[in-house]
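Q: Here's a structure for you.
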Ligand SMILES: [Fe+2]
């Protein structure tokens, strides 16, 4: 089974600004603020160290392929009362994992058929993306989604995942809150180039928002090796929605995730991950401060790049989209060698990846059946997440879409077959925020 793509797809490249590129002044402001706060010397130290680390990181990922993604069983997590120390350590290191059997295959298949029927019965009303032949549907509270989101195994697992983070202030907890996201039913044969290598949780706000960039202060200070990707205390007040857009979530997702309703395998509509967080996020954050050498043969030598305080170009950064990465703009990441297919997934399995992990949607689907998932992340209890979940539930109860799903106009309560939240358990209701409204 292939771990990487044989041919790199026609995903957008960000090596040089397009001719009609006009940047909002907020780019130059953000850059100037970071330089004023940390200085050229610190940024340069961080840059050289990070590029050096990436030499080993990328070699290891290319060597291990899909085996680099840890695989756990839900049954053992239940038996052990959470992730064992060894599992935690593997997950901590890779920033991603597959957890099998969160739902039984039979349960997942039934829920997939329910979802498909629901979409068919309401076909004229449920919109999605891409517009012409939608596979990601603007649908948030179907009975399939609500029941999986509040499934007892999901709650146990999300708590275990949230527990990897720490917060010395004691103002947060690992108790899961439920973020309401979309569902996907991708038919066989459908190409999809809309989500190449990218990192969610905002884009320019990582530099522009004072709280957000403070979460990365070790990277900007020249000590990327000290950056702790599990420090919730540093991250909990970051404003991911500084530049509101459909691509950005308000909530902090400790791990993004999906639950498979059908099987998914490489080249059949699955997911690709770059199974490293610390080096990739440091590289992405430092990249706008350096310009490549004139001689292309020197590109992989970080010391030949020059400090570039004047340009306002942030490669792959657009205020209304997730942070994009590309081969030409981010050469040290060696994306074609490191964008790794997750292992084969069965109905009821789940995959989880750290909030700062680069990932991409499989550009092709050469399988014979739909590739269907529901997007369900693990979100800890923080002030921002509580506030969002309260507003999200308020909206759902009065027939409005989730607050950060800008542009969606559908009262799901009026869909044929809508069930609402009456059948949700007490602990499920807690995760949905019923205690907050
Ligand atoms: Fe994404």
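Q: How much FRET efficiency would the formula 1/(1 + (r/R0)^6) give for residue 295 and residue 86, where r is the Cβ-Cβ distance and R0 is 51 Å, rounded to 0.05?
A: Once rounded, the FRET efficiency stands at 0.65.
Q: Tell me the Rg and the Dmax, in Å, that the Cα atoms of the chain produce.
A: 21.1, 65
Q: What spacing in nm lies between the two simple spin-label points modelled at residue 104 and residue 120, each 7 Å away from Cα in the Cβ direction?
A: 2.5 nm
Q: In what order do 172, 110, 50 fall by count of nearby beta-carbon atoms within 10 Å, going from fewest to most?
A: Ranking 172, 110, 50 by Cβ neighbours within 10 Å, fewest first, gives 110, 172, 50.
Q: Once R0 is set to 41 Å, what does the formula 1/(1 + (r/R0)^6) return for the Cβ-Cβ distance between residue 368 and residue 228, expressed as a FRET efficiency to the nearest 0.05?
A: Efficiency, rounded to the nearest 0.05: 0.40.
Q: Contact order normalised by length for the range 125-205, with contacts defined as Cα pairs under 8 Å and 6 or more residues apart; what percent is it?
A: Working: 53 pairs, mean separation 26.8, N = 81.
33 percent.
Q: If you rank 20, 349 by fewest surrounding Cβ atoms within 10 Å, what's the result?
A: 20, 349
Q: PRE reach from residue 56 (point 7 Å along Cα→Cβ): which of the range 272-307 fall under 18 Å by backbone N?
A: Under cut-off, by backbone N: 275-283, 302.
Q: Before rounding to the nearest 500, sum -39500 (n - 2.57) across all DSSP H runs of length at least 4 in the chain and divide by the residue total; then give [θ] at 222 nm in deg cm²/dmol. If you can, show how the numbers build up before the last one.
A: Numbers: 15 runs with 143 residues, N = 437.
The helix-only estimate for the chain comes to -9500 deg cm²/dmol at 222 nm.
Q: Something else: Which residues in the range 155-191 have a backbone N closer than 18 Å to a point placed 7 Å from the Cα of residue 425 along the Cα-to-Cβ line?
A: Counting backbone N atoms under 18 Å from the label point, the list is 155-162, 175-179.
Q: Helix 383-397 versus the longest principal axis of the chain: what is the Cα-based angle in degrees, 0 to 90, to the nearest 10?
A: Approximately 40 degrees, to the nearest ten.
Q: How tilted is helix 85-94 with respect to the longest principal axis of the chain? Cα atoms for both, answer in degrees (0 to 90, nearest 10).
A: It works out to around 60 degrees.
Q: Counting pairs of alpha carbon atoms under 8 Å apart in space and at least six apart in sequence, what relative contact order in percent does the chain give?
A: 30 percent
Q: Now a separate question. Helix 152-162 versus the longest principal axis of the chain: what is the Cα-based angle in degrees, 0 to 90, to the nearest 10?
A: Helix 152-162 and the main axis of the chain meet at about 20 degrees.
Q: Could I ask something else about it? Can you sort 384, 148 by how many other beta carbons sit within 10 Å, fewest first?
A: Numbers: 384 18, 148 24.
Ordered by Cβ neighbours within 10 Å, fewest first: 384, 148.
Q: Sticking with this one: Considering only DSSP beta bridges with both partners in the chain, what is the antiparallel share in %, to the nearest 5? Show your work: numbers first, answer last.
A: Numbers: 35 of 39 bridges.
Antiparallel bridges make up about 90 percent of those DSSP assigns within the chain.
None of the figures in this text is laboratory data; all of them are computed from the coordinates on show. Please read these numbers as outputs of a predicted model, since none were measured by experiment. Because the Cβ atoms are built from the backbone with ideal geometry, glycine has one as well, and the counts that use them run over all protein chains shown.
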